[in-house]
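Visitor: My questions all concern the structure below.
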Amino acid sequence: MLTNHIGDIRIDRIIEQEFPMFGPADFLPELTKEMIDPHRSWFEGKCFDPVSELMTFCMQSYVIRTGTHNILVDTCIGNHKNHPGRPAWHQKTDSTYMNALKSAGLSVEDIDFVMCTHLHPDHVGWNTRLENGQWVPTFPNAKYIFSEKELAYWEETNAKKEIPYVVESVLPIVRAGRVTKVGHDHQLNDQIWCEPTPGHTPDHMSVCLKHGHHTGVITGDLIHSPIQCVYPHIHARPDVDKPLASKTRQAYLEKYADTDTLICSTHFPSPSFGHFYSEGDSFRFKFLEG
């Protein structure tokens, strides 16, 4: 399932990569085999490959079409980017992402806004493309919406020690004058707005959607795997503020569990769309069928 709707709002998944890529204990250091074992009936297969013993992650963007604007939420990994520690990301030259955008009936010129939930490398990569040795905005007609606090944090961090992906995918957008700096509760219009979900990064934000009585949310990285529904307290290794990330995740699950709100998970495996629901004193994620 690549397309869904919230009322008249259309949402498309633009997938760049999806395969087993992270060991549970590597990415979720507190997650043990004993914690996984009771949940293998649903976790193995779709979410966890028992052969490689790696969790399946999806690297994707969401395109929101309101009828007035086309809004791209997060921009994945990108091509020609330096990630020597991640061979599958390093100096990519494939056409997967652009082909997925084309399959959704869109070109780079059609994007009006790029909203970044946060400024980690797998969420900003296609912000820019390499042209004649220079990093330029990939989406020539788009305004790029960054959290002001989030941007300031990464600019300051990069100034102390250069971070390749910030140099390649973030700062060129700033220099090009394409950034709109916002608060983490920014409202784009009466259908699309940001929800503060800090912890994974200093000013991480999720994206909320509404049309009529229909609602949805794009999670970003406040949660990475369905196993964190069962164990909201376990942190992801990249979380900047681990206690805050856990608190945010718990509150988010409590808020949206057992509601009709469509969850558009950023890294959950396909189909990625689904709903949170409560089970005992914890939570689960039910993937949409079809």
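Visitor: Gain in length, Asp8 to Lys160, computed as 0.36 nm per residue apart minus the alpha-carbon separation, to one decimal in nm?
Guide: Full extension of this stretch gives 50.1 nm more.
Visitor: Taking GluC sites (Glu not before Pro) as exposed when DSSP calls them loop (any state but H, G, I, E, B) and at most 16 other Cβ atoms lie within 10 Å, what is the longest stretch of the chain free of them, the sites themselves excluded? Working shown, then result.
Guide: Details: sites that count: Glu30, Glu53, Glu162, Glu289.
It works out to 163-288.
Visitor: In the structure shown, do any of Lys210/Lys242; Lys149/Lys181; Lys143/Lys181; Lys46/Lys210 have a Cα-Cα gap over 19 Å, and if so which?
Guide: Beyond 19 Å between Cα atoms: Lys210/Lys242; Lys46/Lys210.
Visitor: Follow-up question, since we're still on this one. What is the gain in length, in nm to one decimal, between Gln91 and Thr68 on full extension, counting 0.36 nm per residue of separation less the C-alpha to C-alpha distance?
Guide: Net length gain for the segment: 4.8 nm.
Visitor: Label the range 1-105 by shape, choosing from rounded, prolate and oblate, from the square roots a ≥ b ≥ c of the eigenvalues of the Cα gyration tensor; if a/c is under 1.5 it is rounded, and otherwise prolate applies when a/b is larger than b/c, oblate when it is not.
Guide: Oblate.
Visitor: Now for a separate question. Starting from a Cα-only point model with no solvent, please compute log10 I(q)/I(0) by Debye for the chain at q = 0.08 1/Å.
Guide: Each listed q maps to, in turn, -0.31.
Visitor: How far apart, in nm, are the 7 Å Cα→Cβ label points at Arg237 and Val167?
Guide: Here the modelled spin labels are 2.3 nm apart.
Visitor: Let me ask something else about it. Mean-square fluctuation check for the chain, GNM, Cα pairs under 10 Å: which of Met35, Met205, Met59 is largest?
Guide: Per the Cα network of the chain with a 10 Å cutoff, Met35 tops the list.
Visitor: Now a separate question. Looking only at the range 70-87, which residues have a backbone nitrogen under 11 Å from a spot 7 Å from the Cα of Glu131 in the C-beta direction?
Guide: Label zone hits: none.
Visitor: Set Lys and Arg Cβ to +1 and Asp and Glu Cβ to -1, take the dipole of the range 3-287 about its Cα centre, and tell me which of Pro232, Met35, Gly183 lies farthest positive.
Guide: Gly183
Visitor: Let me ask another. With an 8 Å Cα cut-off and a minimum separation of 6 or more residues, compute the relative contact order for the range 1-143 in percent.
Guide: Numbers: 241 pairs, mean separation 32.6, N = 143.
Averaging sequence separation for qualifying contacts and normalising by length gives 23 percent for the range 1-143.
Visitor: Continuing with this model, one more query. Please compute the contact order of the chain in relative form: average sequence separation of alpha-carbon pairs under 8 Å and at least six residues apart, divided by the residue count, as a percent.
Guide: Once divided by the residue count of the chain, the mean separation gives 17 percent.
Visitor: Please give the length that would be gained between Val51 and Asn99 if that part of the chain were fully extended, namely 0.36 nm times their separation in residues minus their C-alpha to C-alpha distance (nm, one decimal).
Guide: Length difference between fully extended and current span is 14.3 nm.
Visitor: With contacts defined as alpha carbon pairs under 8 Å and 6 or more residues apart, what's the relative contact order of the range 14-88 in percent?
Guide: Value for the range 14-88: 34 percent.
Visitor: Now a separate question. Counting only residues 5 or more places away or on other chains, whose amide H sits under 5 Å from the amide H of Phe268 once H atoms are built in the peptide plane?
Guide: Cys58
Visitor: Further, regarding this structure: Under unit Cβ charges (Lys, Arg +1; Asp, Glu -1), what dipole magnitude, rounded to 20 debye, does the chain have relative to its Cα centre?
Guide: Using only the charged Cβ atoms, the result is roughly 440 debye.
Visitor: Can you tell me the orientation of helix 148-160 relative to the chain, as the angle in degrees between its alpha-carbon axis and the longest Cα principal axis, to the nearest 10?
Guide: On a 0 to 90 degree scale, this one is about 80.
Visitor: In the Gaussian network model of the chain, springs joining C-alpha atoms below 10 Å, which of Ile173, Ile163, Ile218 carries the largest mean-square fluctuation?
Guide: In the Gaussian network model the winner is Ile163.
Every number here is computed from the coordinates shown, using simple stated rules; none is lab data. On a predicted model such as this, the values are computed, not experimentally measured, just so you know. Positions of Cβ are backbone-derived with ideal geometry, glycine not excepted, and every protein chain shown enters the neighbour counts.
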